[in-house]
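Structure record follows, encoded as structure tokens.
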Amino acid sequence: MRPEDDPFFGDEAVRALQAARDAEVAVMRETPGAVIHARALTTDDPEAFGWDRLRDGMRREGNVSIRGASPETVLKAEHELAAFAPKLHVWDLFLADAEAIRAACGPIVAAGLPEGVTRQPDNEIDDHALHEMQVFLDAHGISPFSKTALSGALFPAKAVILRKADGEIAATAFSALTHNSHSWLAGIAWVGLIAVDPSLRGLGLGKTVDAIANLAAVDELGAAGATEFVAADNAASRAMLRACGLAQVPDRMVVMFSTSEQRMTR
């Protein structure tokens, strides 16, 4: 099998997570508290989703995630999952509505790309391009999704690929509608998988590709807004999100409970 014909990418554990998430999309779309994800078993309302489901996820896969958790929810989760002695990985939650995204991101995108950098047209993002994206993300410390998820075949999603003059990837981003109708974030897109070639850093390319993905979320996927997640010590990414119109949501965070000290993604 050619690499581009294989929907999954990564080591055996990562490929198993991708396969499991792809297989359960239809169920997660209808389950209260479930988040359609492409890596970790994820909930945005663990009481509705069920702590037994999360414990099963810990047993099977060694990690689960809660999106938009309050401090009280994190404490409850630490108690409910205590038997697994999990490590806690935390990201802050940023959010903007469509109006704020258009106001902030529109001028960024209108300013154009650095010389020699172009956006790959959507109709040219085939399995080969998605394989390149998976390789690029993995090289930059970001655990990739399956090609099926990246393509938008499983849920509404848009991959953004920017290329250098030599054809190599310059930067990537991704937006997707991952919250179902039961969620407090229903209609809000998730934007992530942002990575930039180190040789092009300092040109504002991260901000630009992030702005493109946020605009794609609201203008192409029809989202009412977008969320992004960032670590507390990642000053550059936090500035990028604010430039794109997103603001931190007080007392809401994204947490992963894992049996590993290593984060699944940065």
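For the range 80-95, the condition holds for at least one residue, the condition being that it is of a type outside the set (Lys, Arg), within 26 Å of residue 170 (Cα to Cα), touching a helix residue (DSSP H, G or I) at 6+ places or on another chain (Cβ under 9 Å) and surrounded by 14 or more Cβ atoms within 10 Å (Cβ to Cβ). The set of residues from the range 45-77 being β-branched (Val, Ile, Thr), touching a Leu at 6+ places or on another chain (Cβ under 9 Å) and in a helix (DSSP H, G or I) comprises just one member, 74. Do we find that residue 142 is farther than 20 Å from residue 203 by Cα, at pLDDT below 95, within 19 Å of the chain's Cα centre (by Cα) and β-branched (Val, Ile, Thr) in this structure? Criteria met by residue 142. Anything in the range 160-187 that is buried (at least 18 other Cβ atoms within 10 Å of the Cβ) and either of a type in the set (Phe, Trp, Tyr) or under 24 Å from residue 66 (Cα atoms) (or both)? List them, or say none. Those that are buried (at least 18 other Cβ atoms within 10 Å of the Cβ) and either of a type in the set (Phe, Trp, Tyr) or under 24 Å from residue 66 (Cα atoms) (or both): 173, 174, 175, 176, 177, 178, 179, 180, 183, 185. Once the range 224-237 is narrowed to residues that are touching a helix residue (DSSP H, G or I) at 6+ places or on another chain (Cβ under 7 Å) and of a type in the set (Gly, Ala, Ser), the residue that is surrounded by the most Cβ atoms within 10 Å (Cβ to Cβ) is 226.
Residues are listed down the side, and each one gets a yes or a no for (1) crowded, with 23+ Cβ neighbours inside 10 Å; (2) closer than 21 Å to residue 145 by Cα:
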{"site": "189", "(1), (2)": "yes, yes"}
{"site": "193", "(1), (2)": "yes, yes"}
{"site": "208", "(1), (2)": "yes, no"}
{"site": "211", "(1), (2)": "yes, yes"}
{"site": "222", "(1), (2)": "no, no"}
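Restricting attention to the range 212-266, the residues that are in contact with a Phe, Trp or Tyr (Cβ under 9 Å, 6 or more places away or on another chain) and acidic (Asp, Glu) total 1.
Scanning the range 246-259 finds no residues that are surrounded by 24 or more Cβ atoms within 10 Å (Cβ to Cβ), closer than 20 Å to residue 137 by Cα and under 16 Å from the mean Cα position of the chain (by Cα). Considering the range 78-112 alone, what residues qualify as being of a type in the set (A, V, I, L, M) and in a strand (DSSP E or B)? Within the range 78-112, 88, 90, 93, 95, 96 qualify. If only residues of the range 108-139 that are of a type in the set (Asp, Glu) and farther than 15 Å from residue 205 by Cα are counted, the one that is nearest to the chain's Cα centre (by Cα) is 138.
In summary, residue 52 fulfils each of the numbered conditions (1) of a type outside the set (Lys, Arg); (2) out of contact with any helix residue (DSSP H, G or I) (no Cβ under 9 Å at 6 or more places or on another chain); (3) closer than 20 Å to residue 149 by Cα with the single exception of condition (3). Each residue in the range 1-33 was checked for being exposed (fewer than 15 other Cβ atoms within 10 Å of the Cβ), without any contact (Cβ under 8 Å) to a residue 60 or more places away in the chain and within 20 Å of the chain's Cα centre (by Cα), and 6 pass. For residue 208, the criteria (1) in a loop (DSSP other than H, G, I, E, B); (2) under 15 Å from residue 113 (Cβ atoms); (3) at pLDDT 95 or above hold in every case but one, which is (1).
The values are calculated or read from the model by the stated rules, or taken from the named source; none is laboratory data. From a predicted model like this one, the values you see are computed outputs, not experimental measurements. Methodologically, a virtual Cβ is constructed for each residue, glycine included, from the backbone with ideal geometry; neighbour enumeration extends over all protein chains shown.
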